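Engineer: Have a look at this one before I ask anything.
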Amino acid sequence: MAHDQVHESARAGAGMVATPHPQATEAGRAVLEEGGNAVEAALAAAAALAVACPHLGGLGGDGLWLIRDPAGRVTVIDAAGPAGAGADAAFYRARDLDEIPQRGALAALTVPGTVGGWMRAQEAARAHGGRMPMRRLLESAQEQARAGRPVSPGQHRAATRARVELDAVPGFRAAFLAADGTVPEAGAHQPCARLADTLEHLALAGLDDVYRGDVAREMAADLQRAGSPLTRADFTAYAARTRPALSVKLPGLTLWAPPPPMQGLVTLLTLALFSRLGIKEAEGYAPVHGLIAAGRRAQEIAAPALTDSIVLSADPADLLAPEALARAAAGIDLRRATPAPRRPATEIGGAWIGAADRSGLVVSCLSSLHAPFGSGLVLPATGVLMNNSGAAFTLDPRAPAPLQPGRRPPVTLSAGLASLADGRVIGVGSGGDSPALTEALVLSRYLADAPLAAALAAPRWRRSDRLLLEAGFDEQVADRLAAAGHDVEIIDVPFSDAMGCAGAVVFHPGTAGLEAAHDPRGEGGAAGV
């Protein structure tokens, strides 16, 4: 069950980085070459991605970092922003709205947390010997923005899908469309001088300026003029949080993931349930059906817990206790698909970055605007594209995720880390609307001895209103899945955007060095020194 192309991972001895865009990969690799550590390489790559892949993440989005130190400790940086103090149901009802708009200024209701996450990550880098100033880590991004970015194939496809929806949103056309409103072809030159100015200012003034300085003032003023409920006070009050990771021990490995409201709990539950099904085959019907069933059960179990920790009454780690997992796994039918609620296909963006160095420092991080291009609102003074993470809220106070000031939405952010009994450490993650399930699929294939690049490239699946199988999926397996009761649809193209874009980086113990690969579904790759 593999595509025809041969895919290989990259290997290096001192440091490695993997990203969904070559300019970001090179930005991280250059930092490693100059002696920077894995966290600094990831920071440089993340900043470069904010320019090179504006539809996936940036200064106006949210972030997530998992950092595993050489002693084996894992730290989570939660850089997802909360709803503003003025963002409540009354704000939208007063505008004759019964639901939160998916796009536009009224969808830009949560404080962008990305840069706050960079601040915490730089602190972590310094704790592990990093000495590079932020102006150096922003250098590649600043140069790209000043020169103007070439439109990537992924950006072209995303803009083509979103153009009608976003054309009237303030700033979107000027930033991402041609003068006549058409979508620029891949390779077209796209200026972004305002964003270059913002990056240059941050290189001199420091990242905190986004929340308590000139950049904060300009962003808040533009948001207010556009009609967003966010204010400067919301920016001033924000700080990214350092949190303990969720973890689960399975035979031969330990897994770590971010706590709610992020989706890491789904990854851990999926793999923990799958490990209890007794499936020995690496490919075929059993592992595919088993992983689908485990993922579906994991989503059901996790759903009530995927809310902001400020309102979460139970400890999500209780769901990972052996007795709880045994009960949940007992209800999985390996012969028949269980009915699942239909849900419409959604398009969620996100860009995963992985990095590792010879010390054993491993980074797995994600940047996201929620949907591709987020709210579509581009702030004129700074060139910052705002997220629409708050569109995941509802105005129904009885729902699991009601809009409340200061509350974080149930974001799709997820990234993972795994430590194997043989000493390998793996960082893995994915963009897309089901990152947790993609991580589980990639990890399960790698743990079943698939080469790293092949685990990423092999045909994937996802749930929407049907079970979508990527072109290249084994037809006999597809037929058996349909016979077992899955409502199957084959996507007619290989390496589909619908499957998200994943990546992985591996620290091998001893003299085996470092390894990384990125998804052929994107333009990125891996490089090291």
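Engineer: Give me the base-10 log of I(q)/I(0) for segment 397-438 at each q in 0.17, 0.26, 0.28, 0.29 Å⁻¹, Debye formula, one uniform scatterer per Cα, rounded to two decimals.
Structural biologist: For segment 397-438, the Cα-only Debye profile gives -0.65, -0.90, -0.94, -0.96.
Engineer: Could I ask something else about it? With N set to the residue count of segment 410-505, report its C-alpha Rg divided by 2.2 N^0.38 Å to two decimal places.
Structural biologist: Values: Rg = 14.0 Å, N = 96, 2.2 N^0.38 = 12.5 Å.
Here the Cα radius of gyration is 1.12 times the empirical estimate.
Engineer: With the calculation restricted to Cα positions, what are the radius of gyration and Dmax of segment 343-464 in angstrom?
Structural biologist: 17.4, 52
Engineer: A further question follows. In segment 159-203, what GluC sites (Glu not before Pro) fall in a loop by DSSP, with at most 15 other Cβ atoms inside 10 Å?
Structural biologist: Hits after loop and neighbour filter: E185.
Engineer: Another question, then. Going by Cα centres, segment 200-247 and segment 427-501 are how many Å apart?
Structural biologist: Here the two parts' Cα centres lie 37 Å apart.
Engineer: Also, I was wondering about something else. Probe radius 1.4 Å, ligands and nucleic acids ignored: give me the carbon and sulfur share of the accessible area of segment 473-529 as a rounded percent.
Structural biologist: 49 percent
Engineer: Which log10 I(q)/I(0) values does segment 235-290 give at q = 0.16, 0.22, 0.24, 0.27 Å⁻¹ under the Debye formula, counting every alpha carbon as one identical point scatterer?
Structural biologist: The Cα Debye sum returns log10 ratios of -0.61, -0.90, -0.99, -1.09.
Engineer: Taking the structure as given and computing percent of Cα pairs over 29 Å apart, which label from (i) 47; (ii) 57; (iii) 54 fits?
Structural biologist: (i)
Engineer: Taking +1 at the Cβ of each Lys and Arg and -1 at the Cβ of each Asp and Glu, which of L441, F393, V425 sits farthest along the dipole of segment 380-514 towards its positive end, judged by Cα position relative to the Cα centre?
Structural biologist: After comparing all options, I get F393.
Engineer: Let me ask something else. Let me cross-check I332: its accessible surface, 1.4 Å probe, with only protein heavy atoms counted, in Å² to the nearest 10?
Structural biologist: About 20 Å², ignoring ligands and nucleic acids.
Engineer: Ratio to report: Rg/Rh of segment 176-221, with Cα atoms as the point set and Rh obtained by the Kirkwood method; give two decimals.
Structural biologist: Reported Rg/Rh (Cα atoms, Kirkwood Rh): 1.16.
Engineer: Lys and Arg at +1, Asp and Glu at -1: add these up for the other residues within a Cβ distance under 15 Å of A355 and post the number.
Structural biologist: Its environment carries a net charge of -3.
Engineer: If you roll a 1.4 Å probe over the heavy atoms of the protein chains, what accessible area per residue do you get for segment 391-498, in Å²?
Structural biologist: With the other protein chains kept in place, segment 391-498 gives 34 Å² per residue.
Engineer: Can I ask one more? Pull up the DSSP beta bridges for segment 398-503 and report the antiparallel fraction as a percent, rounded to 5.
Structural biologist: 75 percent
Engineer: Quick one: length gained pulling A193 to A471 fully straight, 0.36 nm per residue minus the C-alpha distance? Don't skip to the answer; put the middle values down first.
Structural biologist: Numbers: separation 278, 0.36 × 278 = 100.08 nm, distance 4.01 nm.
Here the answer is 96.1 nm.
Engineer: Any idea what log10 I(q)/I(0) is at q = 0.17, 0.19, 0.23 Å⁻¹ for segment 25-114, Debye with uniform C-alpha scatterers and no solvent?
Structural biologist: The calculated log intensity ratios at q = 0.17, 0.19, 0.23 Å⁻¹ are -0.84, -0.95, -1.15.
Engineer: Additional query: For segment 90-246, report the convex hull volume of the alpha-carbon atoms normalised per residue, in Å³, without decimals.
Structural biologist: It is 171 Å³ per residue.
Engineer: Sort R73, R131, R424, R408 from largest to smallest accessible area, using a 1.4 Å probe on the heavy atoms of the protein chains.
Structural biologist: Reading off the accessible areas and sorting them downward yields R131, R73, R424, R408.
The values are calculated or read from the model by the stated rules, or taken from the named source; none is laboratory data. Computed from a predicted structure; not experimentally measured. A quick note on method: Cβ atoms are made from the backbone with ideal geometry, for glycine too, and the neighbour counts reach across all protein chains shown. Just so you know, the surface numbers come from the protein's heavy atoms only, side chains and all, with ligands and any DNA or RNA stripped out. Shrake-Rupley method; radii C 1.70, N 1.55, O 1.52, S 1.80 Å.
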